[in-house]
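Novice: Mind having a look at this structure? Questions to follow.
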Amino acid sequence: MFDVIKGVLGIPLNLIIFYLFGALVLRRKGKVVNEGLNLIVGFFTYYILFFIVIFPFMIKYRPLSWFMTVWIPLCVIILVISAVINRKNIAELVSKGILFARENKAVSIVILAVIFIQILIVTCTYNFTLDAAYYVANVTTTIDTNMINVYDPFTGAWLDHYEVRYLFATYPINDAVMCKILAIPALVQTKLTMSGVIIIIVNILYIMIARCLFREKDTNRSTAIMLVMIFIVNITFYTIFTSSLFLLTRTYEGKTIVGNLSILAIFYIFMMMISDEEISFPWLSIFIISVGSMTISSSGNMLIPAELSLLFVPYMFVKKTLKPLVKYIACMIPGIAMLLVYVLYIEGYFVFYTYPR
């Protein structure tokens, strides 16, 4: 029971960490602040930095505990700096949230109820897919062996070389780090803590999209109705390999994050840009989401470049300008580069072994 309590407390802890990372990247004087986008960009910024720091430890066969002695102090420094710089904005955000809840009690109750029900569904649903088992087993193996992606999570055998699908997608290793910090089992971290975090962030994104669509009407009421309708769609669109299925059953998997958060976040920024709404650093946000998706799941290597092309090639035609072309190409490069690396690795042109040779 105590592990569950710590797992629940881990949800706001993660949200605070991601928000502070995002606020440090996006918040500038004189710029419009989008708190939801701060959180989302902070999420991907965190995992980009996590990958940059952990990758040398992994390919040099260094223990997870060694990595943590570097990562935890670095994180603390970043969080303290961001909290100090953004302390006034954080206080204002909290006061606005309390005021909104007081003035819009019915809307607030509906939003919180929808999110709570989804978290309850995710945490209480039995999931027997191979991928789901792999994520939990990988976290458990990383904790028990104190090594990073060296052992097969299903058999415990020492791998000859790193699996390319998980070599660059280091997202699950962060779960192992959080398990050690919070002293909770892998299943609690994945099934409860990260599932809750993803459900909340995705629903915040739904709210952002709803407010963009209904800005000229009764925004709060329309947002609540749309959130309920999206929940109904997700709960009924329960067929194999849909984003709804992944969101409500395989919430903590990398594919779920790419399919429900990365793609929708880029689409939200596109909506704001196509309607000429003011938004802080849209292309920087897209670039961070694009790069961050590569560290979450190898599925992002194909999906993100495809989405960028589907959205921003027509965008340039609609706006009759080629100014975004360089920025669009820059956002495409990470996914295409990682896709090329993936193919070359699979074909055997290079390999990262799990031991010195």
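The values are calculated or read from the model by the stated rules, or taken from the named source; none is laboratory data. The structure displayed is predicted, hence computed values, not measured ones. Backbone-built Cβ (ideal geometry, glycine too); neighbour counts: all protein chains shown. These area figures cover heavy atoms from the full protein model, side chains too; ligands, DNA and RNA do not enter into them. Shrake-Rupley method; radii C 1.70, N 1.55, O 1.52, S 1.80 Å.
Novice: Taking interchain pairs and intrachain pairs at least six residues apart, which have beta carbon atoms under 9 angstrom, with the first residue in the stretch 187-203 and within 16 Å of residue 138 (Cβ to Cβ) and the second acidic (Asp, Glu) and open to solvent by 10 Å² or more (accessible area, probe 1.4 Å)?
Specialist: Here the result reads 188/3, each pair linking the stretch 187-203 to a residue that is acidic (Asp, Glu) and open to solvent by 10 Å² or more (accessible area, probe 1.4 Å).
Novice: Of the residues in the stretch 308-357, how many are in a helix (DSSP H, G or I) and over 23 Å from residue 164 (Cα atoms)?
Specialist: So the count comes out to 18.
Novice: I need the helices (runs of 4 or more DSSP H) fully contained in the stretch 83-188, keeping only those with at least 3 residues that are more than 25 Å from residue 2 (Cα to Cα) and in contact with a helix residue (DSSP H, G or I) (Cβ under 8 Å, 6 or more places away or on another chain).
Specialist: 87-103, 105-124, 164-167
Novice: For the stretch 210-225, name all the residues that are buried (at least 16 other Cβ atoms within 10 Å of the Cβ), farther than 18 Å from residue 270 by Cβ and aliphatic (A, V, I, L, M).
Specialist: 224
Novice: Being of a type in the set (A, V, I, L, M), under 22 Å from the mean Cα position of the chain (by Cα) and open to solvent by 40 Å² or more (accessible area, probe 1.4 Å) is the filter; apply it to the stretch 84-136 and report the residue that is farthest from residue 248 (Cα to Cα).
Specialist: To start, the set of residues in the stretch 84-136 that are of a type in the set (A, V, I, L, M) comprises 84-85, 90-91, 93-94, 98-99, 101, 106-107, 109-115, 117, 119-122, 130, 132-133, 136.
Next, from what is left, pick out any that are under 22 Å from the mean Cα position of the chain (by Cα): 90, 93, 111-112, 114-115, 117, 119-122, 130, 132-133, 136.
Subsequent filtering for residues that are open to solvent by 40 Å² or more (accessible area, probe 1.4 Å) retains 90, 93, 112, 117, 120-121, 130, 133.
On the way: 90: 31, 93: 29, 112: 17, 117: 11, 120: 10, 121: 7, 130: 16, 133: 16 Å.
Within the stretch 84-136, the match that is farthest from residue 248 (Cα to Cα) is 90.
Novice: Something else about it: Say whether the condition of being more than 21 Å from residue 260 (Cβ to Cβ), open to solvent by 40 Å² or more (accessible area, probe 1.4 Å) and over 18 Å from the mean Cα position of the chain (by Cα) is met by at least one residue in the stretch 280-299.
Specialist: Going residue by residue through the stretch 280-299, those that are more than 21 Å from residue 260 (Cβ to Cβ) are 280-281, 283-284.
Now drop any that are not open to solvent by 40 Å² or more (accessible area, probe 1.4 Å), which leaves 281, 284.
Those still in the list that are over 18 Å from the mean Cα position of the chain (by Cα) too: 281.
For the stretch 280-299, residues more than 21 Å from residue 260 (Cβ to Cβ), open to solvent by 40 Å² or more (accessible area, probe 1.4 Å) and over 18 Å from the mean Cα position of the chain (by Cα): present.
Novice: Let me ask something additional. Looking only at the stretch 11-46, which residues are closer than 15 Å to residue 79 by Cβ, crowded, with 22+ Cβ neighbours inside 10 Å and in contact with a Ser or Thr (Cβ under 6 Å, 6 or more places away or on another chain)?
Specialist: Selection gives 20, 21, 23.
Novice: Moving on. What number goes with the only condition from (1) modelled with pLDDT under 90; (2) closer than 22 Å to residue 264 by Cβ that residue 161 does not pass?
Specialist: For residue 161, the exception is condition (2).
Novice: Filter the stretch 227-243 down to the residues that are more than 18 Å from residue 119 (Cβ to Cβ), open to solvent by 40 Å² or more (accessible area, probe 1.4 Å) and not aromatic (Phe, Trp, Tyr) and list them by number.
Specialist: 229, 236, 239, 240
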